[in-house]
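Colleague: This structure is in structure tokens; I'll ask about it shortly.
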Amino acid sequence: MSELARTRTARPRHYLMCRPTHFEVSYSINPWMDPAKPVDTELAVAQWERLRALYAELGHRVDLIDPLPGLPDMVYAANGATVVDGKVLGARFRNAERTAEGPAYLDWFRAAGYPARHDPEHINEGEGDFLVTGSWVLAGRGFRSAPEGHAEAQEFFGRPVIGLELTDPRYYHLDTALAVLDHDEVMYNPQAFSPGSLAVLRRLFPDAVLADPADAAVFGLNAVSDGRHVVLPEAATGLAAQLRRRGFEPLGVDLSELLKGGGSVKCCTLELRGETSGEAREEARSHTHRRA
Ligand code: ARG
């Protein structure tokens, strides 16, 4: 089936970001981090500012959380929480170096007036490992978030959580191996998952965009989609071509400094999903009817 004629619709989004003012690589908790390699913090800030400006140009709202000294990974805002239907599930980090980020992000949500907040009991690294589709919450495990954290998320959000086992240490968070493009449409790196989890992905998403190893290795899957525009690392040219064929509009950005910490576009972006609006409910209903 040709996808060329398909028109994609962007929906305005609300994001939370954290300026990399204190960004550096002073410890190593993933294979990308080499404290011996110099990091240009000023360049990191400039690259990050371009990403932030791009979201604004696309009509999205971006809120900022103050960066804290001594928390160089705080720029990876995706890890700070998971927000669905206006409900905030806080993060609990596996590594001691990032522990303080959990309460820092929860404080921001308290000050911003989100009444439904849950301080988690089990390890979950926010949207690093939880990716929300129209029907499910996809949840990574194997390196960071714990299976008990998946159960906690399902109970809190009241949405089905699908656990997926990550097996390649380079793709330690789910958002380094899979991205949600639209409702229940995703792209992923088949080589990052256990055989059983790959079978689950094939069953749920038979039409998914599959990334080749070269695109995965430049963090091409660490992307943010608004339903039409897909912001992704500019080096992921193969993925960009595939997305274009499906009617998406890929927008490449350069976040080379942030990649030294093991993150890119999606890692720097936490989506704040509000209460399901009437419009979204309507869309969900017509989707159900089409299926029936
Ligand atoms: N240095 C950070 C860590 O290893 C990078 C986090 C990247 N964020 C993400 N959402 N994958 O925890």
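The values are calculated or read from the model by the stated rules, or taken from the named source; none is laboratory data. Here the structure is a predicted model, which means the values were calculated and not measured. With ideal geometry, Cβ positions are generated from the backbone for all residues, glycine too; neighbour counts draw on all protein chains shown.
Colleague: So, of the residues in the range 195-205 that are in a helix (DSSP H, G or I) and touching a residue at least 12 places away in the same chain (Cβ under 8 Å), which turns out to be nearest to Tyr171 (Cα to Cα)?
Modeller: So the residue we want is Ser197.
Colleague: So, Ala44, is that one closer than 19 Å to Asp254 by Cβ, within 15 Å of the ligand (Cβ to nearest atom) and of a type in the set (Gly, Ala, Ser) or not?
Modeller: Taking the combined requirement at face value, the residue satisfies it.
This table checks each residue for (1) surrounded by 15 or more Cβ atoms within 10 Å (Cβ to Cβ); (2) over 22 Å from Phe130 (Cα atoms).
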position	(1), (2)
Leu58	yes, yes
Asp63	no, no
Gly90	yes, no
Asn95	no, no
Arg98	yes, no
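Colleague: Can you tell me which of Ser225, Ser256 is within 16 Å of the ligand (Cβ to nearest atom), modelled with pLDDT of 95 or more and over 21 Å from Glu127 (Cβ atoms)?
Modeller: Answer to the check: Ser256.
Colleague: Can you list residue pairs whose Cβ atoms sit under 6 Å apart, with the first residue in the range 155-179 being in contact (Cβ under 8 Å) with a residue 60 or more places away in the chain and aromatic (Phe, Trp, Tyr) and the second being assigned to a strand (DSSP E or B) and within 16 Å of the ligand (Cβ to nearest atom)? Count only pairs 6 or more apart in sequence or on different chains.
Modeller: Sorted first by the residue in the range 155-179, then by its partner, the pairs are Phe156/Leu89.
Colleague: OK, next. Check every one of the helices (runs of 4 or more DSSP H) wholly within the range 206-279 and list those with 2 or more residues that are among the acidic types (Asp, Glu).
Modeller: By residue number, no helices (runs of 4 or more DSSP H) qualify.
Colleague: While we're here: Conditions: (1) within 16 Å of the ligand (Cβ to nearest atom); (2) closer than 28 Å to Leu181 by Cβ. Thr99 meets all but one. Number of the miss?
Modeller: Of everything listed in (1) within 16 Å of the ligand (Cβ to nearest atom); (2) closer than 28 Å to Leu181 by Cβ, Thr99 misses just condition (2).
Colleague: Residues in the range 167-188 that are buried (at least 16 other Cβ atoms within 10 Å of the Cβ), under 17 Å from Val132 (Cα atoms) and of a type outside the set (Asp, Glu): how many?
Modeller: Within the range 167-188, residues that are buried (at least 16 other Cβ atoms within 10 Å of the Cβ), under 17 Å from Val132 (Cα atoms) and of a type outside the set (Asp, Glu) number 11.
Colleague: For the range 146-166, give me each residue that is more than 16 Å from the ligand (Cβ to nearest atom) and either touching a Ser or Thr at 6+ places or on another chain (Cβ under 7 Å) or assigned to a loop (DSSP other than H, G, I, E, B) (or both).
Modeller: Of everything in the range 146-166, those that are more than 16 Å from the ligand (Cβ to nearest atom) and either touching a Ser or Thr at 6+ places or on another chain (Cβ under 7 Å) or assigned to a loop (DSSP other than H, G, I, E, B) (or both) turn out to be Gly158, Arg159, Pro160, Glu165.
Colleague: Given the condition in contact with a strand residue (DSSP E or B) (Cβ under 6 Å, 6 or more places away or on another chain), free of Cβ contacts under 8 Å to residues at least 24 places away in the same chain and within 22 Å of Cys268 (Cβ to Cβ), answer yes or no: does some residue in the range 94-103 qualify?
Modeller: Taking every residue of the range 94-103 in turn, at least one turns out to be in contact with a strand residue (DSSP E or B) (Cβ under 6 Å, 6 or more places away or on another chain), free of Cβ contacts under 8 Å to residues at least 24 places away in the same chain and within 22 Å of Cys268 (Cβ to Cβ).
Colleague: Sticking with this structure for a sec: Only one of (1) closer than 26 Å to Ile162 by Cβ; (2) of a type in the set (D, E, K, R); (3) touching a residue at least 40 places away in the same chain (Cβ under 8 Å) fails for Arg245. Which number is that?
Modeller: (1)
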